[in-house]
1. All but one of (1) at pLDDT below 95; (2) over 17 Å from ILE180 (Cβ atoms); (3) under 19 Å from the mean Cα position of the chain (by Cα); (4) not acidic (Asp, Glu) hold for ALA270; state the number of the condition that does not hold.
2. Of these, ASN59, ASN47, which one is in contact with a helix residue (DSSP H, G or I) (Cβ under 6 Å, 6 or more places away or on another chain) and either of a type in the set (D, E, K, R) or over 17 Å from GLU261 (Cβ atoms) (or both)?
3. State the number of residues belonging to the range 151-179 that are more than 17 Å from PRO69 (Cα to Cα) and part of a loop (DSSP other than H, G, I, E, B).
4. Among the helices (runs of 4 or more DSSP H) confined wholly to the range 187-281, which include 3 or more residues that are more than 30 Å from ILE170 (Cα to Cα)?
5. When the range 118-158 is examined, which residues are found to be under 19 Å from the mean Cα position of the chain (by Cα), closer than 29 Å to ASN181 by Cα and charged (D, E, K, R)?
6. Would you check if there is a residue in the range 247-255 being in contact with a Ser or Thr (Cβ under 8 Å, 6 or more places away or on another chain), among the aliphatic types (A, V, I, L, M) and in contact (Cβ under 8 Å) with a residue 60 or more places away in the chain?
7. Determine which member of the set GLY42, GLY54 is crowded, with 19+ Cβ neighbours inside 10 Å and either of a type outside the set (Val, Ile, Thr) or in contact with a Cys (Cβ under 7 Å, 6 or more places away or on another chain) (or both).
8. Any residue at all in the range 150-171 that's touching a Lys or Arg at 6+ places or on another chain (Cβ under 7 Å) and crowded, with 24+ Cβ neighbours inside 10 Å?
Amino acid sequence: MIKFGPSGNSDSFYETCKQSTQAAAWCYARGLNAYEYSFARGTNISNETLQALGEAFANYDIEITVHAPYFINFAQSDAQMVEKSCQYILQSLEKMKYLKAKRLVFHPGSLTKQTRDVAMKNVLSNLKLLRDKIYAQGLQDFILCPETMGKHGQIGTVSEVIEMCKIDPIFMPALDFGHINAYQGGSLKTEYDYAEIFQEIKSALGSARGKQVHIHFSKIEYGEKGELKHLTFEDTKYGPEFAPLAKVLKQQDISAIIICESRGTQAEDAMTMKSIYEAIS
């Protein structure tokens, strides 16, 4: 099954709504059945507020996913900084209990002044450390989704994310196709371009895991070093386009939560994606 929803609230949400708990009914009225809540700036939000949000979305049968704080960087070698990244993840998982959320998306890390090989080795080593902490605290029922990234100075190519997910079944790829397209300078154009990515995942992680992915989608402006800024579906220059991906998802019977990260029109563009997908016979 495919579920569609926005990352946070569209600009249009605030034209009629003020409270975050209203987002569930707002999304439901538009035929959306997923929603990504962001801990981007930290987890300093009360358990009571999160529980109210979780109950509101559960009442409308809308699945909530969560984006972890942006402060995380598992590419580092400094033990104290790595511990902080682990704690950001663990704190997020504890908070997710109140939201009734199961999937946590996170950015793997940045190169800083390291070579890519060294940074990637750090990521893999540190994610194993994180895995051990998660099991030790009994949090292994959650799914952690390392995200493909759009800037050349970040860890998170498709192949790198696959390597992270080989560590343990608690890790699931978060495929941000806008990021992938931006990182590769506009590589996603045809059904084959998308199908090749899913084939790489299935070959490395197995067919069953290859059909269970988390997806972010938006059009993104890019330059020589990759991602510059998120756009809306009105963009006709940078892409990528959703229709070829929708066909591949249908052809391969892939089950995914698809979160739209368009700039201010994320719900509207999620609705467009849902319409495109449902129109495919």
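1. (1)
2. ASN47
3. Number of matching residues: 10.
4. Per the criteria, 266-278.
5. Within the range 118-158, GLU147, LYS151 meet the criteria.
6. No, the range 247-255 contains no residue that is in contact with a Ser or Thr (Cβ under 8 Å, 6 or more places away or on another chain), among the aliphatic types (A, V, I, L, M) and in contact (Cβ under 8 Å) with a residue 60 or more places away in the chain.
7. The match here is GLY54.
8. So far as the range 150-171 goes, no, none of its residues is touching a Lys or Arg at 6+ places or on another chain (Cβ under 7 Å) and crowded, with 24+ Cβ neighbours inside 10 Å.
The values are calculated or read from the model by the stated rules, or taken from the named source; none is laboratory data. Values in this document were obtained by computation on a predicted structure and should not be read as measured data. Heads up, the Cβs are rebuilt from the backbone with ideal geometry, glycines too, and the neighbour counts pull from every protein chain shown.
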